[in-house]
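The values are calculated or read from the model by the stated rules, or taken from the named source; none is laboratory data. None of the values given here were measured: they were computed from a predicted structure. Glycine gets a Cβ as well: all are built from the backbone with ideal geometry, and neighbour counts include every protein chain shown.
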Amino acid sequence: ALSWCFSGGRIRSELEPPLEIQGGLEAGGRAVAMEERYEALKELGTGNFGVARLVRDKRTKELVAVKYIERGKKIDENVQREIINHRSLRHPNIIRFKEVCVTPTHLAIVMEYAAGGELFERICTAGRFSEDEARYFFQQLLSGVSYCHSMEICHRDLKLENTLLDGSPTPRVKICDFGYSK
C-alpha cells in the first residue's frame, strides 16, 4: 500500500503524494513511504480516534508517537482541523507535531514521544502530590494553555489523560490530543 509523509500542505484523498510536501522527503525529493521511514515498536494506547503506537525513525533512530486515524471523508475533514491547529504550536509544554503520513486507509499524525506517560497514571501511582509538586505541574499546564489561547486555539478536551510527561528526571508537562480543538 502506498503512503506519503509530509509536514506541510493540505491533506488530499488521492493516493498520489500531496502537491505541497515539505517533510517526509528523501534527499532526492522523493516522498518517503511510512513503512520505509518508521519501525513500529509497540502500541501506546487506543481511543475513539484509533490507536497510538511508538515507532522509531529508521534514519535518525528517534522515538516518536504516531496516532493512526481511520480515513473517511468526514474523518479527514475533522482531523484536518486538529492537524492545522497542532502543527502551528511551538511551546515546551505542548507535544511537538512532526508530520502527517497518509495511507489509503489511515491518517497518521507523527509527534514527539513523551516517555513519562500520562499525568493521570503518575497521580494514580503516587496516590497524591505534595503542594510543591502539584504547583510545579499546574504552572506548566497553565503555561501551555495560555500559549494555546495566545495563538487563538482552544484545546476543548483538557484532562489528565491528555497531559503527558517527558521522560526527564524532573518531568515536563506536555499537552497532547488536539482532536477537539478550535
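Quick rundown of the values:
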| item | result |
| --- | --- |
| Sole exception among (1) over 20 Å from residue 156 (Cα atoms); (2) under 15 Å from the mean Cα position of the chain (by Cα) for residue 69, by number | (1) |
| Close pairs (6 angstrom Cβ cut-off, 6 or more residues apart or separate chains): at pLDDT 95 or above in the range 136-159, assigned to a helix (DSSP H, G or I) anywhere | 153/85; 155/148 |
| The range 114-127 residues that are without any contact (Cβ under 8 Å) to a residue 60 or more places away in the chain, paired with ones that are surrounded by 14 or more Cβ atoms within 10 Å (Cβ to Cβ) and of a type in the set (Phe, Trp, Tyr) (beta carbon under 7 Å, 6 or more apart) | 119/137; 123/129 |
| The listed residue being crowded, with 19+ Cβ neighbours inside 10 Å, of a type in the set (Asp, Glu) and within 20 Å of the chain's Cα centre (by Cα), out of 152, 112, 99 | 99 |
| Residue count, the range 53-93 (criterion: among the aromatic types (Phe, Trp, Tyr) and either assigned to a helix (DSSP H, G or I) or touching a helix residue (DSSP H, G or I) at 6+ places or on another chain (Cβ under 8 Å) (or both)) | 0 |
| Filter result for the condition that a residue is at positive phi and at pLDDT 85 or above, over 42, 61 | 61 |
| Failed criterion for residue 173 (all others in (1) touching a strand residue (DSSP E or B) at 6+ places or on another chain (Cβ under 9 Å); (2) among the hydrophobic types (A, V, I, L, M, F, W, C); (3) loosely packed, with under 15 Cβ neighbours inside 10 Å hold) | (3) |
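Here is a yes/no grid of residues against (1) outside any loop (DSSP other than H, G, I, E, B); (2) touching a His at 6+ places or on another chain (Cβ under 9 Å):
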site	(1), (2)
107	yes, no
114	no, no
120	yes, no
125	yes, no
134	yes, no
148	yes, yes
154	no, no
161	yes, no
169	no, no
